[in-house]
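We did not get these values from a lab; they are worked out from the coordinates using the rules stated. In this text, all values refer to a predicted model and were calculated from it rather than measured experimentally. Here Cβ is always computed from backbone atoms with ideal geometry, including for glycine, and neighbour counts include all displayed protein chains.
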Amino acid sequence: MTEDIVFDYDVKCRTCNQKFKVQMFDSHDRNLYLVDNKHWFCDKCKKDFFSKQTAELQEKNTLKGFLELEGSDKSISWAEKLRSEMMNKFEIYKQTVTHQSDEDKELFEKANEIFLSEWFATKDAKWWIDNKKMNVRDMRLKIEFIIEEIKNPSKENL
Ligand SMILES: [Zn+2]
């Protein structure tokens, strides 16, 4: 049974206890259930929570070596999350690599440094959002490419 009636319900923010209205489109019974059982947060508390979470992530990322992001509040929040996830992926990738020799290991570490220095220097929140699909395989290929570049520098780079 569908009705085109929109109901307004009074709910209470769990953080500040402020009452506010929400619109729900389900059956009245279902809506009342949600009014009583869902954890409601008003817009202000939701926003505060969001920026607190972003600030915490930002602090962690800065400690790892990242620069502060630039962009809209919304894209910064998202990019902050993305780059810490990508960094975790990269750490996992690093742990799976085995080295044939000390020389190999040294090359690999040098390539890591070059790879990460690009990440660390990327302040544009949009870049992180555009590159959010980068997976471990992409990272491996990029590192392998950098290693080749170190071994056989192309003429343009000399
Ligand atoms: Zn609130």
With a Förster radius of 35 Å, plug the Cβ-Cβ distance of K110 and R14 into 1/(1 + (r/R0)^6) and report the FRET value to the nearest 0.05. 0.10
By how many degrees, 0 to 90 and rounded to 10, does the Cα axis of helix 43-64 deviate from the longest principal axis of the chain? 10 degrees
In order through region 6-17: 3J(HN,Hα) via Karplus (6.51 cos²θ - 1.76 cosθ + 1.60), integer Hz, x for Gly, Pro: 9, 9, 9, 10, 8, 10, 10, 5, 5, 8, 10, 6
Enclosed volume per residue, in Å³, of the convex hull spanned by Cα atoms of region 1-60: 101 Å³
Long-range tail of P(r) for the chain (Cα pairs > 27 Å, %): 50 percent
Cα-based helix-to-principal-axis angle, 136-151 vs the chain, degrees rounded to 10: 20 degrees
Other-chain or far-sequence residues with amide H under 5 Å of F7's (modelled H): M24
Can you give the calculated 222 nm mean residue ellipticity of the chain, where each DSSP H run of n ≥ 4 adds -39,500 (n - 2.57) and the sum is split over every residue, rounded to the nearest 500 deg cm²/dmol? -20500 deg cm²/dmol
With r as the distance between the Cβ atoms of Q23 and T96 and R0 = 41 Å, compute the FRET efficiency 1/(1 + (r/R0)^6) and round to 0.05. 0.25
